[in-house]
1. For M1, what is the net charge nearby, where nearby means another residue's Cβ is under 11 Å from its Cβ and Lys, Arg count +1, Asp, Glu -1?
2. Hey, which lysines would be in cross-link range of K71, C-alpha to C-alpha under 17 Å, not counting anything within fewer than 8 residues on its own chain?
3. Stokes-Einstein at 20 °C, 1.002 mPa s, Kirkwood radius from Cα pairs: D for the chain in µm² s⁻¹?
4. With an 8 Å cut-off on Cα pairs and a minimum separation of 6 or more residues, tell me the relative contact order of the chain in percent.
5. Quick one: helix 67-83 against the long Cα principal axis of the chain, what's the angle to the nearest 10°, folded into 0 to 90?
6. Under 12 Å from the Cβ of V19, count the other residues' Cβ atoms, weight Lys and Arg +1, Asp and Glu -1, and hand me the total.
Amino acid sequence: MKIKSGFVIEEVGDGYLAVAVGDRADEFSGLVRMNATGAFLWKLIEERDMSKDELLSAVLREYDVDEAIAKADIDRFEAQLREGGIIE
């Protein structure tokens, strides 16, 4: 999965917001709120196309979390991005 061009992420308070900019703002007028883990995942898939297994490995290296919980969180995050048309 990879983030489509035209989205930026900004730290706001204790969380993060992703917004569409430029021409992409005509297609997507919402916001995506996320925590630090979501921002970590966003930055990984913004850099390059990554599989779920690659994302899972990165999360397990970065955070002290159970693998099943991390996998479920990645699945939920992907579903949210797909629903918004943010990833390809």
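1. Values: positive: K2, K4, R48, K52, R82; negative: E46, D49, E54, E78, E88.
Once all neighbours under 11 Å are counted, the net charge is 0.
2. Correct list for K71: K52.
3. On the way: Rh = 13.3 Å.
The estimated diffusion coefficient comes to 161 µm²/s.
4. Working: 95 pairs, mean separation 27.4, N = 88.
Averaging sequence separation for qualifying contacts and normalising by length gives 31 percent for the chain.
5. Between helix and principal axis, roughly 10 degrees.
6. Summing Lys/Arg as +1 and Asp/Glu as -1 gives +1.
Throughout, read-outs are computed from the coordinates displayed, never taken from laboratory work. None of the values given here were measured: they were computed from a predicted structure. Heads up, the Cβs are rebuilt from the backbone with ideal geometry, glycines too, and the neighbour counts pull from every protein chain shown.
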